[in-house]
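Encoded as structure tokens, the structure appears first; notes follow it.
The values are calculated or read from the model by the stated rules, or taken from the named source; none is laboratory data. In this text, all values refer to a predicted model and were calculated from it rather than measured experimentally. Quick reminder, even Gly has a Cβ in these numbers, built from the backbone with ideal geometry, and neighbours come from all protein chains shown.
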Amino acid sequence: MFARVLSGGVLGVDAYGIDVEVDCCGGIGQMNIVGLPDLAVRESQDRVRAAIRSCSLILPSARKWIINLAPADTRKAGPLYDLPIAAGILASSGLASMENFSNLWMVGELGLNGAVRPVSGVLPIALKCKQSGARAMIVPEANAMEASLVEGLEVYPVAHLKEALMLLDSFENGQPYHNQEKYRFERLAASGGLTSFQELDFKEVKGQLSAKRSMEIAAAGRHNLLLVGPPGSGKSMLAERLPGIMPPLSYSEALELTKLYSVAGLLDKTLGLITSRPFRSPHHSSSIPGLVGGGLVPRPGEISLSHYGILFLDELTEFSRSHLDNLRQPLETGSVTISRSAQTLTFPASFLFVGACNPCPCGHRGDPVKYCVCSPYQADRYWSRLSGPILDRIDMQVEVPRLAEHELSAPSGASTSEEMRLRVMRAYLIQQERNRFDCGGRQDGFVYNGRLSHKQLQKICKLSSASRELLARAVSQLGLSARAYDRIIRLARTIADLEGHIEISASDIAESIKYRTLARAL
């Protein structure tokens, strides 16, 4: 007897449909899984046997089951096929109903006692299930919240294999899970509650007015930032407080971010939808697959997990040059492509990059208090770890100097995160109204100033003759590349938005140029 159960798998950050085909024929109780299964999938036959026994069901002994996971030319990984394999085996053996199989998808890992355990990647599979026209989906109880984020799809959570078998007889034996996450998200967005997650406040950072100004510019226009200063000057404190002044996520951004974390297996099952921008700070000992993504079964790396948020690399010059050079493509395109012999996958990686480092190996070059013990050769070798192409992609290079005695004894900083966020939001709304281009069909799609293409830049950023003359002198004196030229204009556009200028003034260009000179001075 033949049975076909619908399920799904994940390839990169997107899902595809999988047909779990089970043929029950004469044999001696064997199970054979084909269709490029990995070890976890091949081991499912033992979990499935024990789970079926826990339901007080006895499989025919004089039978053999061939389980094909189609399409057969795509590698299948993970334990999420346990539940559909068990349902197919029982249906092909005449122990379960096949009435609802054509209109139902299912995923889930089985325990030896029949318990249905949560799996990764349920949200993209649920999205694919909805696109295929299926009516419902059976998922583990712990995955119900994320699967029900897909509107128009009936999600039935199960905690045990017995519950899944009851649903196969009739959908009336269970209740679909109703998720209120979208309405809760909209209420939080309307009340401003999406920004209250940040307990860290810029008022705790004493002094550093220039660095705080650069934080506002970076948050408003999505401009990459490098903080350079001696140990203990506040570089990490500044970076950690940056998410608190960034605009809140839109619902489509939150859904895309939740999908990414679901694939990576990092989604908090109790929260469902991710509502805050991520802040990722990997250690300099991270591997290239850990930073960029990849592995035997390609998974998102730190740069993809910081999508729509911040990637903070502390002690930037301690990262190997090969690691940093792998950031070139994501910083330019907002995505990372991982090529393997059998497949090529693209992960989203539209993040705000923030780096922090010392000015030299000892950390005190240019310090008015402590004497630098590094030779010019040591300092040059230290900075050579940052290649020219990487520095060229960083819009702002900001000095974070040692705090003076009067700044240390001051009661608090001059600006609070709330005040800075209000200024950032004004610039954000200006961009949202002006920078509307084709963004892949997204309804809330617009382009931040820091992500404008050359063509978009020419359309939006008109320069006066004084601004062009100033910029031309900077190109000549500083030897700026064509990329740096465009980035200066993008940065000046954000500065103008923060100041409320309709046109880019010469002062906006001058401030923008100032942020490109620090690395050359060091």
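Considering every residue within region 40-55, establish whether at least one is under 36 Å from the mean Cα position of the chain (by Cα), surrounded by fewer than 14 Cβ atoms within 10 Å (Cβ to Cβ), of a type outside the set (D, E, K, R) and closer than 29 Å to Pro124 by Cβ. No. Can you go through Ile390, Ile338, Ile310, Ile394 and tell me which one is buried (at least 17 other Cβ atoms within 10 Å of the Cβ), in the same structural domain as His284 (by TED's automatic domain parsing) and modelled with pLDDT of 95 or more? It is Ile310.
Of all residues in region 41-91, count the ones that are part of a helix (DSSP H, G or I) and farther than 21 Å from His160 by Cβ.
So the count comes out to 2.
Tell me, yes or no, whether region 412-424 has at least one residue that is surrounded by 13 or more Cβ atoms within 10 Å (Cβ to Cβ), part of a loop (DSSP other than H, G, I, E, B) and modelled with pLDDT under 80. Yes, some residue in region 412-424 is surrounded by 13 or more Cβ atoms within 10 Å (Cβ to Cβ), part of a loop (DSSP other than H, G, I, E, B) and modelled with pLDDT under 80.
Going through region 341-360 one residue at a time, which ones are farther than 30 Å from Pro230 by Cβ and touching a Pro at 6+ places or on another chain (Cβ under 7 Å)? Matches in region 341-360: Leu345, Phe347, Ala349.
For Thr270, the test of being in the same structural domain as Leu386 (by TED's automatic domain parsing), more than 28 Å from Asn143 (Cα to Cα) and polar (S, T, N, Q) is failed. Only residues that are without any contact (Cβ under 8 Å) to a residue 12 or more places away in the chain and in a helix (DSSP H, G or I) were counted across region 480-522, and they come to 5. Of everything in region 313-335 that is under 14 Å from the mean Cα position of the chain (by Cα) and free of Cβ contacts under 8 Å to residues at least 60 places away in the same chain, the residue that is surrounded by the fewest Cβ atoms within 10 Å (Cβ to Cβ) is Ser335.
May I ask you to list the residues in region 312-350 that are charged (D, E, K, R) and farther than 21 Å from Leu238 by Cβ? Walk me through how you get there before you give the answer.
Initially, region 312-350 is screened for residues charged (D, E, K, R), giving 314-315, 318, 321, 325, 328, 332, 340.
Within region 312-350, Arg321, Asp325, Arg328, Glu332, Arg340 meet the criteria.
It is to be established whether one or more residues within region 44-54 are touching a Gly at 6+ places or on another chain (Cβ under 7 Å), touching a residue at least 12 places away in the same chain (Cβ under 8 Å) and aliphatic (A, V, I, L, M). Yes; the residues of region 44-54 include at least one that is touching a Gly at 6+ places or on another chain (Cβ under 7 Å), touching a residue at least 12 places away in the same chain (Cβ under 8 Å) and aliphatic (A, V, I, L, M).
The criterion of at least 1 residues that are outside the structural domain of Cys372 (by TED's automatic domain parsing), surrounded by fewer than 23 Cβ atoms within 10 Å (Cβ to Cβ) and in contact with a helix residue (DSSP H, G or I) (Cβ under 7 Å, 6 or more places away or on another chain) is met, among helices (runs of 4 or more DSSP H) falling completely within region 128-244, by 161-169, 181-191.
For region 361-383, taking the residues that are touching a residue at least 40 places away in the same chain (Cβ under 8 Å) and closer than 21 Å to Leu226 by Cβ, the one that is surrounded by the most Cβ atoms within 10 Å (Cβ to Cβ) is identified as Arg365.
Scanning for something farther than 15 Å from Ser387 by Cα and of a type in the set (S, T, N, Q), does region 287-301 turn up at least one residue?
As a first pass, look at region 287-301 and keep what is farther than 15 Å from Ser387 by Cα: 287-301.
Filter again for of a type in the set (S, T, N, Q), leaving 287.
Yes, because at least one residue in region 287-301 is farther than 15 Å from Ser387 by Cα and of a type in the set (S, T, N, Q).
Close Cβ contacts (under 6 Å, 6 or more residues apart or on different chains) running from residues in region 104-124 that are of a type in the set (Gly, Ala, Ser) to residues that are crowded, with 23+ Cβ neighbours inside 10 Å and assigned to a strand (DSSP E or B) comprise Gly108/Val116; Gly108/Pro140; Gly121/Val10.
Restricting attention to region 353-407, the residues being among the aliphatic types (A, V, I, L, M) and in contact with a Phe, Trp or Tyr (Cβ under 6 Å, 6 or more places away or on another chain) number 2.
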